[in-house]
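Student: Next up is a structure, given as structure tokens.
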Ligand code: ACM
């Protein structure tokens with residue numbers, strides 16, 4: 001039994017551990033299959049359990065080795081080329097061309113766990129489910145068949161208002177992956193800071209990135225650091241979408257290069273929290289040379305298909321200039337082989353057929369966005385009064401803002417992205433995203449307090465079939481996650497709505 005003690009110690013000490021049961025807990029265990037979050041398409045428990053022991057191995061078919069190594073690191077079970085006699089096996093296989101990108105099937109029996117998917121991304125999603133099912137060395141028997149409702153399940157982190165280190169961003173990526181979120185949108189530039197080195201315009205980062213809200217320390221990612229974030233995310237099947245907000249939210253750029261200003265005079269750096277006061281100079285050619293350089297370098301750093309060009313709150317740009325600008329910049333993004341994502345105001349210009357509009361308003365009625373969606377523009381839903389993680393939970397939440405709403409967990413969970421926007425066809429909905437703006441957010445503990453438990457709620461809206469939507473069941477599923485968060489050191493808000 002010595003290995004059991006060692007295993008228990010490893011599991012308890014590891015940064016990425018499975019949940020460990022309270023020793024001696026007397027109450028009968030809840031059905032772990034009912035607690036999977038986000039809720040799967042179908043899950044059915046069976047009698048018995050698979051027990052991880054000294055002779056347990058993980059086997060990996062072609063294309064499954066990488067995910068098998070990740071599971072190995074979590075469970076402390078070795079990967080073997082074939083199952084040894086007398087041992088039990090967790091078998092990972094990429095199989096079945098008919099399965100979508102992230103769908104998977106998981107079968108747990110006393111002697112064998114089988115996880116199959118059409119692609120490695122599906123295996124990775126299945127491993128997240130397996131982690132939730134595992135309880136110490138025991139995995140209860142049962143079956144899961146699962147696939148995402150929406151292809152896009154995102155989170156946004158604003159690293160401009162406050163800067164977050166590579167390690168902090170990676171920590172958040174790990175947390176996103178637990179809930180099958182597959183997109184990290186990084187808001188890389190705003191009035192208060194420019195956070196990515198652009199080699200052809202280096203002062204953006206070295207000067208424009210030198211401060212943050214309230215005069216807090218600034219910072220920026222070197223291109224090598226940024227590539228490390230992208231690679232870290234990719235290893236967890238998370239695609240990074242970089243955003244440079246424009247034509248507004250650009251004071252850090254205007255402060256860094258005088259020639260970007262219409263009057264040729266650079267403004268001072270800005271550390272307040274107002275919005276809508278800065279604009280790129282739409283009628284100067286240097287603006288587009290600048291953007292061609294920036295977008296070119298970003299495109300080279302971005303394996304994913306999308307670059308986000310902002311486009312929100314351009315209150316210091318005339319509408320005519322806005323249309324001219326957004327249309328021209330969409331062309332620049334396309335010329336660099338990428339597609340445009342932008343805040344939904346882009347629909348007031350002429351969205352390219354491939355442009356995705358990210359909806360952030362606080363009402364479900366927006367005829368212009370609905371018409372664009374009906375006309376083929378893809379939509380990602382981030383209604384600020386439902387999906388913004390920087391909104392306070394209630395009046396006494398110490399962090400965050402309240403301009404869009406106070407958002408308790410039931411509010412974050414209580415809407416359907418597929419039918420939310422009146423007049424927009426469900427087929428236009430690419431998915432959901434939970435943005436976290438960081439005017440008041442400074443630390444990883446702050447990030448986590450705002451994201452947990454609302455991020456898993458948004459993740460479930462994005463992943464789970466509409467037929468599983470059920471607040472009464474969700475609040476129990478959510479409560480069952482708390483021991484995992486404690487084991488992982490995740491700070492969270494103990495909402496009184498949840499029976500922790
Ligand atoms: C936004 O909240 N201005 C996108």
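The values are calculated or read from the model by the stated rules, or taken from the named source; none is laboratory data. Note that the coordinates shown come from a computational prediction; the quantities given were computed from them, not determined experimentally. Heads up, the Cβs are rebuilt from the backbone with ideal geometry, glycines too, and the neighbour counts pull from every protein chain shown.
Student: So, of the residues in segment 465-500 that are free of Cβ contacts under 8 Å to residues at least 60 places away in the same chain and part of a helix (DSSP H, G or I), which turns out to be surrounded by the fewest Cβ atoms within 10 Å (Cβ to Cβ)?
Tutor: Here the answer is 472.
Student: Quick check on residue 422: is it out of contact with any strand residue (DSSP E or B) (no Cβ under 9 Å at 6 or more places or on another chain) and touching a residue at least 60 places away in the same chain (Cβ under 8 Å)?
Tutor: Numbers: out of contact with any strand residue (DSSP E or B) (no Cβ under 9 Å at 6 or more places or on another chain): yes; touching a residue at least 60 places away in the same chain (Cβ under 8 Å): no.
Against the criterion (out of contact with any strand residue (DSSP E or B) (no Cβ under 9 Å at 6 or more places or on another chain) and touching a residue at least 60 places away in the same chain (Cβ under 8 Å)), residue 422 does not qualify.
Student: When you look at residue 347, is it more than 16 Å from the ligand (Cβ to nearest atom), at pLDDT 95 or above and part of a helix (DSSP H, G or I), yes or no? Please lay out each step first, then the result.
Tutor: Numbers: more than 16 Å from the ligand (Cβ to nearest atom): no; at pLDDT 95 or above: yes; part of a helix (DSSP H, G or I): yes.
So residue 347 does not fit the description; no.
Student: Need at least 3 residues that are farther than 22 Å from residue 339 by Cα per element, so show me which strands (runs of 3 or more DSSP E) inside segment 145-258 make the cut, counting only ones lying wholly within it. Break it down into steps so the answer makes sense when it comes.
Tutor: Working: elements: 152-158, 183-190, 239-246.
In segment 145-258, no matching strands (runs of 3 or more DSSP E) lie anywhere.
Student: Would you pick out the residues in segment 355-372 that are more than 11 Å from the ligand (Cβ to nearest atom), surrounded by 17 or more Cβ atoms within 10 Å (Cβ to Cβ) and in contact (Cβ under 8 Å) with a residue 40 or more places away in the chain? Spell out how you get there, then give the answer.
Tutor: Our first condition is that a residue be more than 11 Å from the ligand (Cβ to nearest atom); within segment 355-372, this holds for 355-357, 363-372.
Next, only the ones that are surrounded by 17 or more Cβ atoms within 10 Å (Cβ to Cβ) stay: 355-357, 364, 366, 369-370, 372.
Scanning segment 355-372 gives 356, 364, 366, 369, 370.
Rundown of residues vs (1) modelled with pLDDT under 95; (2) touching a helix residue (DSSP H, G or I) at 6+ places or on another chain (Cβ under 8 Å); (3) more than 16 Å from residue 313 (Cα to Cα), yes/no style:
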| site | (1), (2), (3) |
| --- | --- |
| 352 | no, yes, yes |
| 357 | no, yes, no |
| 361 | no, yes, no |
| 367 | no, no, yes |
| 374 | no, yes, yes |
| 377 | no, yes, yes |
| 383 | no, no, no |
| 395 | no, no, yes |
| 401 | no, no, yes |
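Student: If you take the residues of segment 271-292 that are in a loop (DSSP other than H, G, I, E, B) and more than 16 Å from the ligand (Cβ to nearest atom), which of them is farthest from residue 329 (Cα to Cα)?
Tutor: Start the filter on segment 271-292 by keeping residues that are in a loop (DSSP other than H, G, I, E, B), which leaves 271-284.
Checking which are more than 16 Å from the ligand (Cβ to nearest atom) leaves us with 271, 280-284.
Details: 271: 27, 280: 12, 281: 13, 282: 11, 283: 13, 284: 13 Å.
Per the stated criteria, the residue is 271.
Student: Just one of 462, 431, 423, 418 is assigned to a strand (DSSP E or B), modelled with pLDDT of 95 or more and away from the ligand (no atom under 16 Å from the Cβ); which is it? It would help to see each step written out before you state the result.
Tutor: Values: 462 fails: assigned to a strand (DSSP E or B); 423 fails: assigned to a strand (DSSP E or B); 418 fails: assigned to a strand (DSSP E or B).
Matching residue, one of 462, 431, 423, 418: 431.
Student: Still on this structure, I have one more. So residue 269 fits all but one of (1) closer than 25 Å to residue 216 by Cβ; (2) without any contact (Cβ under 8 Å) to a residue 12 or more places away in the chain; what number is the exception?
Tutor: (2)
Student: Right, another one. So, in segment 51-77, exactly how many residues are closer than 20 Å to residue 236 by Cα and part of a loop (DSSP other than H, G, I, E, B)? Write out each step before concluding.
Tutor: So the first thing to find is which residues in segment 51-77 are closer than 20 Å to residue 236 by Cα, and the list is 58-77.
Pick out the ones that are also part of a loop (DSSP other than H, G, I, E, B) and you get 61-64, 76-77.
Qualifying residue count, segment 51-77: 6.
Student: Let me ask something additional. Consider residue 314 against the criteria (1) within 16 Å of the ligand (Cβ to nearest atom); (2) surrounded by fewer than 22 Cβ atoms within 10 Å (Cβ to Cβ): it satisfies all of them except one. Which criterion is unmet?
Tutor: For residue 314, the exception is condition (2).
Student: While we're looking at this one, here's another question. Kindly establish whether residue 447 is closer than 15 Å to residue 150 by Cβ, away from the ligand (no atom under 15 Å from the Cβ) and either in contact with a strand residue (DSSP E or B) (Cβ under 7 Å, 6 or more places away or on another chain) or in contact (Cβ under 8 Å) with a residue 24 or more places away in the chain (or both). Show your work before the answer.
Tutor: Numbers: closer than 15 Å to residue 150 by Cβ: no; away from the ligand (no atom under 15 Å from the Cβ): yes; either in contact with a strand residue (DSSP E or B) (Cβ under 7 Å, 6 or more places away or on another chain) or in contact (Cβ under 8 Å) with a residue 24 or more places away in the chain (or both): yes.
No: the conditions fail for residue 447.
Student: Among the residues of segment 373-415, count how many are surrounded by 17 or more Cβ atoms within 10 Å (Cβ to Cβ), more than 22 Å from residue 498 (Cα to Cα) and more than 16 Å from the ligand (Cβ to nearest atom).
Tutor: Total meeting the criteria: 3.
Student: To continue, here is another question. For segment 129-155, how many residues are within 30 Å of residue 225 (Cβ to Cβ), within 16 Å of the chain's Cα centre (by Cα) and surrounded by fewer than 23 Cβ atoms within 10 Å (Cβ to Cβ)?
Tutor: Of the residues in that region, 1 qualify.
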